[in-house]
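Quick notes on the structure that follows.
The values are calculated or read from the model by the stated rules, or taken from the named source; none is laboratory data. Predicted, not measured: the structure shown is a model, and the values here were computed from it. Cβ sites come from the backbone with ideal geometry, for glycine too, and all protein chains shown count toward neighbours.
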Ligand code: SF4
């Protein structure tokens, strides 16, 4: 079951760690912020690693029950 992925654009500084871990899920857009291009572009473990890689905790993950799974 894929996570629901929310990027807080006010926190994101476009560092790109998330893109580095999961390039098929995240992309840096024209404003230099991360956007989700495909929430099913990687398995759950990889998406969790991508969220953990963000030094600004700009990525929040919700599980299939709507519960916050990360951070
Ligand atoms: S790692 Fe965090 S700060 Fe960097 S682009 Fe991804 S969401 Fe933005």
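With respect to residue 41, determine if the residue is more than 10 Å from the chain's Cα centre (by Cα) and crowded, with 16+ Cβ neighbours inside 10 Å. Break it down into steps so the answer makes sense when it comes.
Numbers: more than 10 Å from the chain's Cα centre (by Cα): yes; crowded, with 16+ Cβ neighbours inside 10 Å: yes.
Yes, satisfied.
Among the strands (runs of 3 or more DSSP E) confined wholly to the range 1-58, which include 2 or more residues that are at pLDDT below 95?
Working: elements: 4-7, 26-28, 34-36.
Because the criterion is at least 2 residues that are at pLDDT below 95, no strands (runs of 3 or more DSSP E) in the range 1-58 meet it.
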